[in-house]
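Every read-out reported here was derived from the displayed coordinates using simple, explicitly stated rules and does not represent laboratory data. Computed from a predicted model, the values in this text were never measured in an experiment. Here the Cβ positions follow ideal geometry from the backbone for every residue, glycine too, while neighbour counts run over all protein chains shown.
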Amino acid sequence: MSNVFSSSAASRFLRYVTFDTQSDEQSKSYPSTDKQLVLLRQLVAELQAMGIADASIDQFGYVMATVPATPGKEHVPPIGFLAHVDTSPEVSGTGVRPIVHKNYDGRDLVLPDDPTLILRESDNPELADQRGNDIITASGTTLLGADDKCGVAEIMAAAEYLLAHPDIPHGALKIGFTPDEEVGRGTQYFDVARFGATYAYTLDGPTRGDFEVENFSADAMTLIFHGFNAHPGYAKGRMVNALKLAAEFVHRLPHHGMSPETTDGGDGFVHPHTASGGVERASIKLLLRDFATKGLDEKARMLTDLANEIVRPYPSASVQIERQESYRNMKVVLDRYPDVVEHAMNAMRRAGLKPRFRRIRGGTDGARLSFMGLPTPNLFAGQHNIHSRLEWTSVQDLDKAAQVIVEISRSWAE
Ligand SMILES: [Zn+2]
């Protein structure tokens with residue numbers, strides 16, 4: 001049996017990246033930019049051209065479509081595959097000119113529109129696994145948009161492949177393309193019931209074989225220090241400067257560990273990111289991150305104790321503490337549905353890959369969807385150096401991810 005899987009993922013990808021779909025954090029509209037709708041509408045047209053009759057776009061820009069189950073597999077739970085069309089607001093996505101560097105052999109890849117930009121294996125160890133593959137980069141002035149047009153192209157290619165190969169058994173496939181993931185609003189108006197999938201996968205990750213079933217649990221905290229103001233010429237023994245209380249608090253946070261700049265892997269952190277105020281009142285905003293909710297609670301207690309200790313010597317000072325939930329680790333949900341993980345592992349092995357679990361040190365649309373009732377882990381899509389002008393993927397990774405989608409569909413039907 002031949003091991004070669006050939007899909008339309010790469011040619012689709014090269015086309016989709018030329019659409020400028022940058023999202024905008026400042027925008028109040030949904031989706032945040034109209035230009036995302038151009039690609040979203042194009043995807044509807046392409047899905048319909050494939051013969052998917054129910055492909056549609058709603059008032060928010062969400063594209064949904066169904067590849068019907070093969071005969072006799074109508075009872076299989078409908079499985080969703082999701083990707084986001086928008087690209088990061090941090091780097092230009094206007095006039096993306098994708099370049100295919102054929103048969104990569106370890107050479108430096110120079111981006112012609114800015115020759116100071118060079119993709120080197122020494123800076124990108126993952127390139128070592130791509131020898132013989134065809135690497136795709138942008139030309140030097142823009143990002144590539146691998147995040148997440150890889151996922152879009154792979155899902156489209158897999159749908160096309162399954163429609164062309166009716167001998168591969170599968171239940172209903174639910175396809176979803178979303179806007180505004182990069183500005184944290186990808187699931188804001190997503191209608192889980194209308195989507196109609198029982199379980200889903202986002203294709204929005206890096207390296208071949210990567211499988212993400214865990215993400216940070218996250219809270220936000222605001223500490224407001226209340227001091228006591230007085231005329232500075234006559235303040236002796238009376239003034240309590242809230243600004244100094246807040247500064248003392250930041251200074252006494254752990255100096256080694258428990259910060260974004262000193263942790264990785266499975267370790268969480270506390271992160272003061274905004275300070276404001278004056279003598280009378282000063283506030284510090286913090287992010288709390290941990291893979292366990294218990295760990296978040298411990299961090300919140302540590303911060304509360306520290307703040308109270310700082311105001312204790314001053315009877316006229318006080319601190320007010322607010323804690324808000326941001327998002328939670330989707331593992332809590334996914335642990336209840338082991339099949340979702342099993343079928344993906346099975347599919348990757350069938351595609352000749354060794355699945356590797358990675359933890360996301362952030363949130364994902366899949367995590368939000370998991371808590372909205374749609375368990376949704378994240379699969380690799382072949383994105384590297386995301387949000388950068390040195391972003392890259394490879395033709396073979398695009399194909400591999402499309403193959404994994406096909407194999408997941410088959411696995412659930414068996
Ligand atoms: Zn992404």
Spacing of the two label points (7 Å from each Cα toward its C-beta) at Ala275 and Arg238, in nm: 2.7 nm
Equivalent-ellipsoid semi-axes of the stretch 277-321, from the Cα gyration tensor, Å, largest first: 25, 13, 5
Kirkwood Rh and Cα Rg combined as Rg over Rh, evaluated for the chain: 1.05
The stretch 71-134: Rg to Rh, with Rh as the Kirkwood radius over Cα pairs: 1.19
Taking the convex hull of Cα positions in the stretch 67-185, its mean projected area over all directions (nm²): 9.8 nm²
Gyration tensor (alpha-carbon) shape descriptor, the stretch 117-219, a/c threshold 1.5: oblate
Label-reachable residues, the stretch 264-284, where backbone N falls under 11 Å from a point 7 Å from Thr222's Cα toward its Cβ: 283-284
Above-threshold pairs, the threshold being 25 Å between Cα atoms, out of Lys102/Lys400; Lys294/Lys354; Lys35/Lys400; Lys149/Lys400: Lys294/Lys354; Lys35/Lys400
Label-point separation in nm, Val100 to Val332, each point 7 Å along Cα→Cβ: 4.6 nm
Rg over Rh [alpha-carbon atoms, Kirkwood Rh] for the stretch 161-273: 1.24
Cα shape, the stretch 240-399, gyration tensor, a/c 1.5 rule: prolate
Net charge, Glu25 excluded, C-beta distance under 10 Å - Lys, Arg +1, Asp, Glu -1: -3
Debye intensity ratio I(q)/I(0), log10, the stretch 311-389, q values 0.17, 0.19, 0.25 Å⁻¹ (C-alpha model): -0.81, -0.94, -1.27
Rounded FRET efficiency, nearest 0.05, which uses the C-beta distance separating Ile168 from His256 and R0 of 56 Å: 0.55
Nitroxide proxy distance, nm - points 7 Å out along Cα→Cβ at Ser316 and Arg350: 7.4 nm
Cα-Cα pairs of the stretch 1-130 separated by more than 21 Å (percent): 60 percent
Residues Phe357 and Asp123, FRET efficiency given R0 of 25 Å [Cβ-Cβ distance, rounded to 0.05]: 0.50
